[in-house]
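The values are calculated or read from the model by the stated rules, or taken from the named source; none is laboratory data. For clarity, every value in this text was computed on a predicted model and none was experimentally measured. All Cβ positions, glycine included, derive from the backbone under ideal geometry; neighbour counts span all protein chains shown. Ligands, DNA and RNA are stripped out before the accessible areas are found, and what is left, the full protein with its side chains, is counted by its heavy atoms. Shrake-Rupley method; radii C 1.70, N 1.55, O 1.52, S 1.80 Å.
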Amino acid sequence: MRNILLIEPNYKNKYPPIGLMKISTYHKRLGDNVTFYKGDMKEFVIDQIYQDCLRKLKRVDKSIHWQSKSALIKKYIKRKNSSLLEEMNFSNSEFAPLIEKNLVGFADYYRKKEFEKNPKFDRVYVTTLFTFYWKITIETIQFAKKLVKKPDQLLIGGVLASLLSKEVEKETGIIPIAGLLDKPGMLDKSAKARKIIIDNLPLDYSILDEIDYDYPTGSAYFTFMTKGCTRKCAFCSVPKIEPTYKPKIETIDKFNEIKTLFGEQQNLLLMDNNVLASPNFQEIIQEIKDMGFVTGATYTEPNQLSIAIRNLRGGYNNKGYVKRSYKLMHSLLDRLKDATKQEYYDTLDKFELIKFETTTKENLLNAYKFISPYYEKYRLKTPKLRYVDFNQGTDARYVTDELMKLMSEVPIKPLRIAFDYIGLKDTYIKAVELAAKYGIKELSNYILYNFYDSPEELYERLKINVELGERLGIHIYSFPMKYIPLYGEEAKSREFIGEKWNKKFIRAIQSILNVTKGIVAPGRSFFEKAFGKNINEFYHLLFMPETYIVYRKVFEEEVKLTPVWRKQFVDLMNSSESELVKKIIVSNDFKEYYNFTNNLQILALLKHYTVKKEEANNTDSEYQDLKKRFAKLIKENRHHNLTLTYDFESLTVRKNYSDVIYSQ
Ligand code: SF4
């Protein structure tokens, strides 16, 4: 039995690592022991050392409840602060000196990086995703080297690794596995492994319970009915990663396996890149219906605790199911009241299940027979509507009346139709009209910008969506998505600026969307307020100081700086200085604006760009209201949350990446 570690770097992402979930199934079928981790790598190592330390301490003095001191022990391993030893309160033990010696030893083991000389894992996989997560991905790979016994057993795969394989090799010395694991025996040569195609395996959902990170997908099946794409769009990674189009992937058996092992899921998230290109589309829709996704279908959550306990008993994934069972038992507490709540709490207490540190497999199994009647009686049983989401979007160029009719026979929500460039206008409009004809009322579309397009073309596409929504009585949510190159240095960050764009305009779009986290909601009034009533107003917004864009109302109506800026801007645009002014503004660098010119009129205009948001932050009620409204919308509508682009991640999260990883 090999010890396998699967790592997803600690970036923020929406969908679970499907590749690793398949690799987990693969290794479990080969009889290996699998661990999944996403988080601070340093904490992972500390936790591993803690487990060894705990075993040792239990052997030294059984009478002490060491698990209840887990936080202190981990802290001590990390910091070796002697006051923590006192807090652990073991001085009355007859083995106190030996206990202390062990604790000191484990702390030194960590602090002197002894663990690097004694790696535990026979094989480590690191998955990768967006190229702009380059830094954190490379840091994770470098750290993973310390955890694997033999360097050639560190395997790197996924999107970034496929697109930037040369760069990854140069930086880490490891040749990544580019593309899919879609042939038998790609990772091992044993007879059993040679019969398995990893890409065709069902996903191991249980690994997601091993980590603290919460993917916002909720209860859903993730699957592909097709693979690859028939096209080769220059801005897309699919032709490189999945170069062969497979028009139909067998799904139903995997689906049934997942249902049996992990329980029925509510929604169906199809990750197909271009499902409409499939000549088997009718068959695909039939299969979706056979899975139980017909219009109006509802889902009643199965008894998750009984599934978790069953799998825990079977030893399928002890770490994952201990955590899951604990969480499920505690989630019921919120649904109970008064005496029942007290009785239930007392039962948890009796089996030491109040705190996670003291929760063990044994306690959970022992408690289950007392907990299960409460759980079955009070768990949520309200039926919910089921949805199907082709979350990578559908290709308007393949849409026909017949295909749209077929799509409308399953509960698609939202329908995503790609509108990547203005040249698709007529085809796109026709596809949306067909969606409306067949009663599909909620659409949610990515609008690629910063590629070959111009700002006017972005405005026009957004406006088309507003007009279509009005004319057809449907809701189209647009999600402008900034293009980032797939290859080379520019792929490694989010700084790329398209030929017809500039830093200021990109920042302006982000400032316009800042409050809605990237969503352009349906409705003319929202759109016109956010992007302007016409191209001329839109251009004014693009040139407007960021602070005035974000806190629109307060600077327009209360502080009244925007009208002053507007007049100065328009006057200068009508003067012989207009080109110089534009050049300065689009550079988006106003730190030393007073050095750019001696022209007092221009200097007066540029001063607006140095106004800080603090002057308005908490006073713009419109900004605050809108922010709250959209936060609520995103919280209540999982589909919006899943569609949000990564341009609006909170800065704190991004900043923390560097701390998150290896602040040793
Ligand atoms: S049609 Fe879509 S999936 Fe296919 S290459 Fe173009 S963008 Fe990529």
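Please go through region 253-281 and give me each residue that is open to solvent by less than 50 Å² (accessible area, probe 1.4 Å), in a helix (DSSP H, G or I) and away from the ligand (no atom under 13 Å from the Cβ), ordered by number. Explain how you work it out, then say what you get.
Step one: of region 253-281, the residues open to solvent by less than 50 Å² (accessible area, probe 1.4 Å) are 254-255, 258, 262-263, 265-278, 280-281.
Cutting the leftovers down to in a helix (DSSP H, G or I) gives us 254-255, 258, 262, 275-277, 281.
If the condition is that a residue be open to solvent by less than 50 Å² (accessible area, probe 1.4 Å), in a helix (DSSP H, G or I) and away from the ligand (no atom under 13 Å from the Cβ), then LYS254, PHE255, ILE258, PHE262, PHE281 are the ones that fit.
Quickly run through region 381-395 and pick out the residues that are of a type outside the set (D, E, K, R) and either within 16 Å of the ligand (Cβ to nearest atom) or surrounded by fewer than 13 Cβ atoms within 10 Å (Cβ to Cβ) (or both). Let's see the steps before the verdict.
Going through region 381-395, the residues of a type outside the set (D, E, K, R) turn out to be 382-383, 385, 387-388, 390-394.
Listed by number, the residues that qualify are THR382, PRO383, PHE390, ASN391, GLN392, GLY393, THR394.
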Just to check your reading of the model, which residue among TYR378, TYR398, TYR326 is under 26 Å from the mean Cα position of the chain (by Cα) and open to solvent by 40 Å² or more (accessible area, probe 1.4 Å)?
TYR326
Taking ASP61 and the conditions (1) more than 30 Å from the chain's Cα centre (by Cα); (2) open to solvent by 40 Å² or more (accessible area, probe 1.4 Å), which numbered condition does it fall short on, given that it satisfies the others?
(2)
Restricting attention to region 606-623, report how many residues are at pLDDT 75 or above and aromatic (Phe, Trp, Tyr).
1
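How many residues, within region 182-197, are more than 24 Å from PRO119 (Cβ to Cβ) and open to solvent by less than 30 Å² (accessible area, probe 1.4 Å)? Break it down into steps so the answer makes sense when it comes.
From region 182-197, those more than 24 Å from PRO119 (Cβ to Cβ) are 182-185, 191-192, 194-197; that's our starting set.
Filter once more, keeping what is open to solvent by less than 30 Å² (accessible area, probe 1.4 Å): 185, 196.
Going through region 182-197 one residue at a time, the tally reaches 2.
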Kindly indicate which of LEU353, LEU364, LEU348, LEU333 is open to solvent by 20 Å² or more (accessible area, probe 1.4 Å) and either aliphatic (A, V, I, L, M) or in contact (Cβ under 8 Å) with a residue 12 or more places away in the chain (or both).
LEU333
Could you pull out the residue among ASP212, ASP188 that is over 20 Å from TYR26 (Cβ atoms), among the charged types (D, E, K, R), in a loop (DSSP other than H, G, I, E, B) and out of contact with any strand residue (DSSP E or B) (no Cβ under 9 Å at 6 or more places or on another chain)?
ASP212
Of (1) in a helix (DSSP H, G or I); (2) of a type outside the set (Phe, Trp, Tyr); (3) open to solvent by 50 Å² or more (accessible area, probe 1.4 Å), THR562 satisfies every one except (3)
Which of (1) touching a residue at least 12 places away in the same chain (Cβ under 8 Å); (2) under 26 Å from the mean Cα position of the chain (by Cα); (3) away from the ligand (no atom under 16 Å from the Cβ); (4) under 23 Å from LEU268 (Cα atoms) does ILE141 not meet, given it meets every other one?
(4)
GLU409 passes all but one of the listed conditions (1) of a type in the set (Asp, Glu); (2) open to solvent by 20 Å² or more (accessible area, probe 1.4 Å); (3) within 15 Å of the ligand (Cβ to nearest atom); the exception is number (3)
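Please find, among GLU402, GLU442, GLU376, the residue that is without any contact (Cβ under 8 Å) to a residue 12 or more places away in the chain and more than 16 Å from the ligand (Cβ to nearest atom). Full working, then the answer.
Values: GLU442 fails: without any contact (Cβ under 8 Å) to a residue 12 or more places away in the chain; GLU376 fails: without any contact (Cβ under 8 Å) to a residue 12 or more places away in the chain.
None of the others qualify; the one that does is GLU402.
Counting just the residues of region 215-235 that are more than 19 Å from the chain's Cα centre (by Cα) and buried (at least 18 other Cβ atoms within 10 Å of the Cβ), which one comes out nearest to the ligand (Cβ to nearest atom)?
We begin by selecting, within region 215-235, every residue more than 19 Å from the chain's Cα centre (by Cα); these are 225-235.
Now restrict to residues that are buried (at least 18 other Cβ atoms within 10 Å of the Cβ): 225-229.
Numbers: MET225: 14, THR226: 11, LYS227: 11, GLY228: 8, CYS229: 3 Å.
This residue is CYS229.
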Yes/no for LYS135 being farther than 25 Å from LYS120 by Cα, at pLDDT 95 or above, more than 22 Å from the chain's Cα centre (by Cα) and surrounded by fewer than 16 Cβ atoms within 10 Å (Cβ to Cβ)
no
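How many of the residues in region 236-249 are open to solvent by 40 Å² or more (accessible area, probe 1.4 Å) and within 7 Å of the ligand (Cβ to nearest atom)?
1
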